[in-house]
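Here is the structure we will look at.
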Amino acid sequence: MEASTEIQTYRQASGLSIRALAKRAQTSPATLSRYERGMIMPRPGTLARILDAAIIPRRRWSSLERLAAAIHEALEAEDEVWAWKCVGEVLDDEAACGPEMTAWFVAKAPQRTGDMRADALAAAVAEYLCVLRSIPSPTWLHDPRICRPFWFLVGGLPGYEEVALAESPASFAARGIFVTRADLDRA
């Protein structure tokens with residue numbers, strides 16, 4: 001396959017615009033456009049960098065809706081550890097994603113599950129990711145999804161609640177969910 005066709009195929013399959021792929025590949029949109037049109041040939045290392053940038057990492061959770069449903073299912077089974085593991089997988093996957101993928105992931109509001117903890121946790125995760133990526137929060141996050149009574153997600157240890165009250169990020173605390181920095185680091 002010619003480099004021009006390969007670049008265009010990879011870019012279109014990933015759903016990225018020329019500008020977005022150029023940014024990810026650390027090249028200019030004009031240069032990338034010339035590569036795609038076959039006007040110039042990229043060096044082998046440049047081609048590999050562009051194709052690598054076009055590969056969108058797969059998420060274990062394809063949407064917030066699926067995440068919320070899995071959290072709900074875990075909580076119905078009284079398995080808070082599994083619910084938190086699901087959140088940890090989302091946070092782990094974020095390390096391999098760029099801000100545009102985060103924005104896409106959080107854009108659509110998940111349907112309410114009927115469990116205020118699952119609904120609040122999915123919203124807290126979405127807002128937390130927006131803060132981490134310094135991207136605007138979608139408007140659906142203004143819809144209150146709050147857990148009452150307060151939920152100390154990974155509690156049980158002496159002094160945990162005091163630490164969680166002090167350390168919980170605002171995106172979690174505002175929804176009545178409290179975790180520590182260590183919980184987020186281990187998630």
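Since every read-out is calculated from the coordinates, none of them should be taken as a lab result. Quantities reported herein were computed from a predicted structural model and do not represent experimental measurements. Neighbour counts run over all protein chains shown; Cβ positions are idealised from the backbone, glycine included.
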Largest-first ellipsoid semi-axes for the stretch 3-54, taking √(5λ) over the Cα gyration tensor eigenvalues, angstrom: 13, 11, 11
Got a sec? Charge dipole of the stretch 1-151, +1 on Cβ for Lys and Arg, -1 for Asp and Glu; which of G15, S33, S62 is way out at the positive end? S33
In degrees between 0 and 90, to the nearest 10, how far off the longest principal axis of the chain does helix 64-76 point, with axes built from Cα atoms? 30 degrees
With +1 assigned to the C-beta of every Lys and Arg and -1 to the C-beta of every Asp and Glu, and no other charges, what is the dipole magnitude of the stretch 3-54 about the Cα centre in debye, to the nearest 20? 180 debye
Helix-only [θ]222 nm of the chain, DSSP H runs n ≥ 4, -39500 (n - 2.57) each, per residue, nearest 500: -17500 deg cm²/dmol
The chain, relative contact order in percent, only Cα pairs under 8 angstrom and at least six apart counted: 17 percent
Rank A118, A48, A96 by mean-square fluctuation in a GNM of the chain with C-alpha springs under 10 angstrom and give only the top-ranked residue. A48
Taking the Cα centre of the chain as origin, work out the dipole magnitude from +1 charges on Lys and Arg Cβ and -1 charges on Asp and Glu Cβ, in debye rounded to 20. 1040 debye
